[in-house]
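Data block below; observations after.
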Amino acid sequence: MNIVVRYFASIREAAGTASESLDTEAGTIAELRTVLLALAEALAPGRAVRMALNQQLVHEHAGLAEGDEVAFFPPVTGG
């Protein structure tokens with residue numbers, strides 16, 4: 001299936017791109033995250049990463065479908 005992946009903040013810097021279109025066999029965001037590890041260590045398990053699917057925050061076990069948009073970004077803090 002083909003999906004769009006968007007990266008934000010420090011994850012974008014680590015990936016070297018803001019977004020990309022990918023053909024993937026990943027069935028969940030967790031599986032996609034594993035596939036992308038070669039691209040950005042910032043996505044490694046244990047790292048604090050927020051995930052969105054079609055502009056909705058989700059957990060990493062959310063399923064993927066053709067044409068989905070996935071976004072990865074670090075947690076945001078403020079003060």
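Throughout, read-outs are computed from the coordinates displayed, never taken from laboratory work. Since this is a predicted model, take the numbers as computed values, not measurements.
Quick notes
- Computed over the chain, the alpha-carbon pair-distance distribution with 10 angstrom bins reads 19, 59, 20, 2, 0, each value a whole percent.
- The stretch between Glu41 and Glu66 holds 6.5 nm of extra length on full extension. This uses 0.36 nm per residue minus the Cα-Cα distance.
- Kirkwood radius and radius of gyration were both taken over the C-alpha atoms of the range 1-47, and their ratio Rg/Rh is 0.94.
- Length-normalised contact order of the chain in % [C-alpha pairs under 8 Å, at least 6 apart]: 41
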